[in-house]
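Everything below concerns the one structure shown next.
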Amino acid sequence: MAGVVVDEEVGSPSPGISMVDCHCHLVDQSFDEDIDTVIQQAKQAGVKGALVVTETYTQFDKVLQLAKRHPDFVFPCLGVHPVQGALTGNQRCVTLEDVEKAIPIIEQNISCIAAIGEIGLDFQPRICVRPEDKDIQRQVLKIQVDLAKKYDLPVNVHSRSAGRPTIAALQEFGADKVLLHAFDGKPAVAMTGVEAGYFFSIPPSCVRNPESKLVHRLPVTNILLESDSPALGPEKNMRNEPKNIALSCDYIATRKKLDVAELSRITTANALKLFPKLARLDLGMMDCLVTNMKSS
Ligand SMILES: [Zn+2]
């Protein structure tokens, strides 16, 4: 793909807005044609950086190459998802062989990555077909949490039909730097994650649910923004993009009765806390530190 020249001067149109997309799949093939434009438009919307996750070891090289081309925006995460295979059919439960192939590649590239992910548990019946599948997923998760702990990295975590088991497993395995993305469990279960210091990222699909109980319950100290691009957009069946985290930001600000600039500052400060490698970006956090000192 011919690289489009990205204008380095492109910044946020509103200086108060600086956001981080904490979970997205920019190496999905739906972005193959126009990824440079997608990143440029995200920057114009005030998105300063993105944690780009993988699902299979076959995507590792692609995300590392993307990070090389966009070092000022892409923060790669390497990990093996509990669901393997193409989105369109042929999906299957992860195996120990999948993670065994991945670990050496992750370790070779450990200095380049911002987190281990996307990892987690997915207990949908169509994925966990055999009785042993849930236990295999837990083993695959433990191997990757152990790896994150070994290198002091955060984990970027998926949970589907497995909210309670995922938080319980993360706690049992001793994970302490955790992002739970697009959490679909009960808000009361999420609160056990909040007590453990875990963060929860909210995708733009939240706008389809004006009464999100999860957003209502979560304290802003534990909220992050994510797009999960190309999934979980504001409208069903559209290709989602990182620029749409502005919609999550607006939604959460309204629900929490904060202005958008303040909410963007809080979530970006949270992102920096969980993903320290973001510190190389200009996130405008000096303002935030001053604001926090004044308010404390
Ligand atoms: Zn994802």
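The values are calculated or read from the model by the stated rules, or taken from the named source; none is laboratory data. Remember, it's a predicted structure, so these values are computed and weren't measured experimentally. When we count neighbours, we look across all protein chains shown, and the Cβ atoms used for this are built from the backbone with ideal geometry, even at glycine.
Tabulated data
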{"item": "Of residues in the range 89-104 being assigned to a loop (DSSP other than H, G, I, E, B) and either at pLDDT 95 or above or within 16 Å of the ligand (Cβ to nearest atom) (or both), the one surrounded by the most Cβ atoms within 10 Å (Cβ to Cβ)", "result": "94"}
{"item": "Counted residues, the range 40-88 - those being hydrophobic (A, V, I, L, M, F, W, C), part of a helix (DSSP H, G or I) and under 30 Å from residue 129 (Cβ atoms)", "result": "2"}
{"item": "Restricting the range 169-185 to residues that are of a type in the set (A, V, I, L, M, F, W, C) and more than 18 Å from residue 218 (Cβ to Cβ), the residue that is farthest from the ligand (Cβ to nearest atom)", "result": "173"}
{"item": "Number of the condition not met by residue 111 [criteria: (1) farther than 18 Å from residue 226 by Cβ; (2) within 16 Å of the ligand (Cβ to nearest atom)]", "result": "(2)"}
{"item": "Candidate set: the range 73-88, residues that are surrounded by 14 or more Cβ atoms within 10 Å (Cβ to Cβ) and at pLDDT below 95; chosen: the one farthest from the chain's Cα centre (by Cα)", "result": "85"}
{"item": "Count of the range 172-181 residues which are over 19 Å from residue 272 (Cα atoms) and either in contact (Cβ under 8 Å) with a residue 40 or more places away in the chain or out of contact with any helix residue (DSSP H, G or I) (no Cβ under 8 Å at 6 or more places or on another chain) (or both)", "result": "1"}
{"item": "Residue selected from the range 255-280 under the condition of a type in the set (D, E, K, R) and assigned to a helix (DSSP H, G or I), by the criterion surrounded by the most Cβ atoms within 10 Å (Cβ to Cβ)", "result": "265"}
{"item": "Subset of the range 89-133 [charged (D, E, K, R) and under 20 Å from residue 62 (Cβ atoms)]", "result": "98, 101, 107, 118"}
{"item": "In the range 186-223, the residues that are of a type in the set (A, V, I, L, M), buried (at least 20 other Cβ atoms within 10 Å of the Cβ) and within 14 Å of residue 271 (Cα to Cα)", "result": "202, 223"}
{"item": "Counted residues, the range 29-47 - those being surrounded by 15 or more Cβ atoms within 10 Å (Cβ to Cβ) and either in contact (Cβ under 8 Å) with a residue 40 or more places away in the chain or among the hydroxyl-bearing types (Ser, Thr, Tyr) (or both)", "result": "9"}
{"item": "Residue in the range 163-180 that is surrounded by fewer than 20 Cβ atoms within 10 Å (Cβ to Cβ), over 30 Å from residue 244 (Cα atoms) and of a type in the set (Lys, Arg) present", "result": "no"}
{"item": "Residues within the range 186-219 that are more than 16 Å from the ligand (Cβ to nearest atom) and out of contact with any Leu (no Cβ under 7 Å at 6 or more places or on another chain), tallied", "result": "20"}
{"item": "Count of the range 48-58 residues which are buried (at least 20 other Cβ atoms within 10 Å of the Cβ) and polar (S, T, N, Q)", "result": "1"}
